[in-house]
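The structure under discussion appears below in the form of structure tokens.
The values are calculated or read from the model by the stated rules, or taken from the named source; none is laboratory data. This one's a predicted model, so the numbers in the text were calculated from it and none came from an experiment. With ideal geometry, Cβ positions are generated from the backbone for all residues, glycine too; neighbour counts draw on all protein chains shown.
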Amino acid sequence: MPLHSDKNLYPGINPHLNSELQQPDNEWASFHTDYITFTRELLDKLLPEDYYVASETSLQIGTCDRFTDQPLAKPSKTIPDIIVLSGSASASAHLAPIRGNPTLTLPLIDTIDEEEELSAVVIYHAERGNRRGRPVTRIELLSPANKLGGSHYASYLTKRKETLYSGLRLIEIDYLHEKYPLLARIPSYPDRDTLAFPYAVIVSDPRPSIKDGITSVFNFGVLDNIPVIDIPLEGADFVTLDFGIVYNRTMESSKMFRRILVDYEQEPVNFAAYHEADQLKIREQMTKIAAEYKLNL
């Protein structure tokens, strides 16, 4: 008998949904679109007064004139879009979100030479006299096509490099445990690297220069909360994003995501793609879910 819930019954990424979304001809595009929409809505509430957010070919954050509330000048189309995402712990976890710390820090320059279109979110910084604002941060939810072997892999790497050389901060959300890491310096989960994690949020800041900038990698596992991360804006400004909030809202807002694609009675599709230790964790969580379901009958 299928076991469904209107809530995400994992503390972070839901392995049942996440595995289904990565299979050929599945619903990743729909998930991506909803995720970006809910990210924009959350950022709109959280950003400092002189910033605003817009959904574009990719998600970008910009600024607006604090005196007139008018957006500053439209960015050049050669500037990559910026996607900003946030999230929180699962509703079933009942734990306060904890700000994440990077598990890996790299010189930014070491992450650019490895080459890397769905919509995204852009944050703009508003300045007096500039009607539309200036993009400052780009946030991307990586899609299977962006990863090694994907149809947009080469173009994404080019776009990534252009973004960082333009001075924009770049946030990349990687929930794709079945695909190789975007950066070669990150341990590979598909290769069964013992130091690898299935998921990551990558924060790259090209300031004060490409040579001296830093890339921080926030890795997390199958039963971990999705990280809460400070997203760099202009100067010393930042916005704190709980990535789990967006993930859970995306999953729980759609009957397709929370019920059609998820059956807690069945192991996730392509279960062997998870490390053995993670398979055990998932089975243990499934056992807990089944036990709680029977108690509530």
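Got a sec? Which of Leu295, Leu280, Leu261 is among the hydrophobic types (A, V, I, L, M, F, W, C) and within 20 Å of Asp224 (Cβ to Cβ)?
Every option except Leu280 fails the conditions.
Looking at the structure I just gave you, is Gln285 in contact with a helix residue (DSSP H, G or I) (Cβ under 7 Å, 6 or more places away or on another chain) and over 26 Å from Asp34 (Cα atoms)?
It is false that Gln285 is in contact with a helix residue (DSSP H, G or I) (Cβ under 7 Å, 6 or more places away or on another chain) and over 26 Å from Asp34 (Cα atoms).
Does the stretch 249-272 contain at least one residue that is under 25 Å from Pro102 (Cβ atoms) and either out of contact with any helix residue (DSSP H, G or I) (no Cβ under 8 Å at 6 or more places or on another chain) or exposed (fewer than 13 other Cβ atoms within 10 Å of the Cβ) (or both)?
Within the stretch 249-272, not a single residue is under 25 Å from Pro102 (Cβ atoms) and either out of contact with any helix residue (DSSP H, G or I) (no Cβ under 8 Å at 6 or more places or on another chain) or exposed (fewer than 13 other Cβ atoms within 10 Å of the Cβ) (or both).
How many residues are in a loop (DSSP other than H, G, I, E, B) and touching a helix residue (DSSP H, G or I) at 6+ places or on another chain (Cβ under 9 Å) when one looks only at the stretch 216-240?
Residues that pass the stated criteria total 6.
Could you please give the count of residues in the stretch 200-215 that are surrounded by fewer than 21 Cβ atoms within 10 Å (Cβ to Cβ) and not in a loop (DSSP other than H, G, I, E, B)?
2
Could you say whether any residue in the stretch 37-50 is part of a loop (DSSP other than H, G, I, E, B), at pLDDT below 80, over 20 Å from the mean Cα position of the chain (by Cα) and surrounded by fewer than 24 Cβ atoms within 10 Å (Cβ to Cβ)?
no
Looking at the stretch 1-36, which of the residues that are assigned to a loop (DSSP other than H, G, I, E, B) and touching a strand residue (DSSP E or B) at 6+ places or on another chain (Cβ under 8 Å) is nearest to Tyr175 (Cα to Cα)?
Across the stretch 1-36, the extreme among qualifying residues is Ile13.
Pairs only if they're at least six apart or on different chains, beta carbon under 9 angstrom, first in the stretch 244-270 and closer than 21 Å to Asp174 by Cα and modelled with pLDDT of 95 or more, second basic (Lys, Arg) and not in a loop (DSSP other than H, G, I, E, B); list them, first residue then second.
From the stretch 244-270, the pairs are Met251/Arg258; Glu252/Arg258.
Which of the following residues is surrounded by fewer than 20 Cβ atoms within 10 Å (Cβ to Cβ) and either among the aliphatic types (A, V, I, L, M) or within 15 Å of the chain's Cα centre (by Cα) (or both): Ile245, Ile226, Ile231, Ile289?
Testing whether each residue is surrounded by fewer than 20 Cβ atoms within 10 Å (Cβ to Cβ) and either among the aliphatic types (A, V, I, L, M) or within 15 Å of the chain's Cα centre (by Cα) (or both) leaves just Ile289.
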